[in-house]
1. Of all residues being within 18 Å of the chain's Cα centre (by Cα) and more than 18 Å from I71 (Cα to Cα) in region 142-163, which is surrounded by the most Cβ atoms within 10 Å (Cβ to Cβ)? Just the residue, please.
2. For the structure I just gave you, tell me whether T44 is open to solvent by less than 50 Å² (accessible area, probe 1.4 Å) and at pLDDT 95 or above.
3. Cβ-Cβ below 8 Å, separation at least six or inter-chain, first residue in region 4-32 and modelled with pLDDT under 65, second among the aromatic types (F, W, Y) and not in a loop (DSSP other than H, G, I, E, B): which pairs?
4. Of all the strands (runs of 3 or more DSSP E) wholly in region 42-126, which have at least 1 residues that are in contact with a Leu (Cβ under 9 Å, 6 or more places away or on another chain) and within 16 Å of D166 (Cα to Cα)?
5. Could you tell me how many of the residues in region 130-141 are over 25 Å from E78 (Cβ atoms), surrounded by 18 or more Cβ atoms within 10 Å (Cβ to Cβ) and not charged (D, E, K, R)?
6. Looking at (1) open to solvent by less than 40 Å² (accessible area, probe 1.4 Å); (2) of a type in the set (D, E); (3) in contact with a Lys or Arg (Cβ under 8 Å, 6 or more places away or on another chain), which one does E35 not meet, given that it meets all the others?
7. Within region 164-185, how many residues turn out to be open to solvent by 90 Å² or more (accessible area, probe 1.4 Å) and modelled with pLDDT of 95 or more?
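The values are calculated or read from the model by the stated rules, or taken from the named source; none is laboratory data. None of these values were measured; they are calculated from a predicted model. Using ideal geometry, Cβ is built from the backbone for each residue, glycine included, and neighbour counts are taken over all protein chains shown. Note: areas computed on protein heavy atoms with side chains; ligands, DNA, RNA excluded. Shrake-Rupley method; radii C 1.70, N 1.55, O 1.52, S 1.80 Å.
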Amino acid sequence: MKDGVLEVVTEPNTDLWQRTYYHFRNDNAPCFQFETEEKYFSFTVKTSFEEAKHRFDQCGVIVYMDSENWIKGSIEYENETYQHLGSVVTNNGFSDWATTNIPASVKHMWYRLSRREDDFKIECSLDGVNFNQMRICHFYKGDGAIRFGVYACSPENSSFKALFTDFHLGECRWLKHDGQAPDEN
């Protein structure tokens with residue numbers, strides 16, 4: 001990292017995915033992470049991926065514990081028209097994938113990853129001010145010390161430069177739930 005900018009040039013054939021539907025396993029995407037035992041926090045970062053022009057090129061935020069337990073939120077380039085804004089949760093060796101299509105012209109995205117004990121929330125923003133929820137999930141390995149940060153990869157035979165800036169780690173911005181009470185056992 002230099003002057004608050006982390007630059008990552010992806011290697012071809014790097015990815016994170018486990019089993020589900022495609023039945024293949026990939027665990028070789030570079031992750032740049034911090035470690036904490038803090039139970040309540042929010043981590044915000046801006047991603048820039050001007051050079052992403054090949055199918056599945058991606059960069060974003062990640063919580064990575066081991067090859068079978070991780071969470072990621074990112075934009076994954078698809079073609080000149082659209083790309084996937086999405087998230088993957090991998091618990092006990094099986095990945096899921098939740099996406100929505102966004103224009104391929106979007107080349108910058110802010111992410112906010114928040115932790116409340118072993119539950120996580122991923123949000124995105126085009127301006128770094130107004131964030132929208134992408135996902136709330138439970139993470140089986142999310143109790144105790146965790147590793148979180150950013151990642152970038154190129155699952156096919158390509159490479160691109162991803163930039164990460166405006167890193168901020170602070171108080172949890174995901175407010176405590178104020179609504180329906182939990183079920184009683």
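1. A162
2. yes
3. T20/F94; F24/W17; R25/W17; N26/W17
4. Fully inside region 42-126 and qualifying: 58-66, 108-116, 119-125.
5. Result for region 130-141: 1.
6. (1)
7. Selection size over region 164-185: 4.
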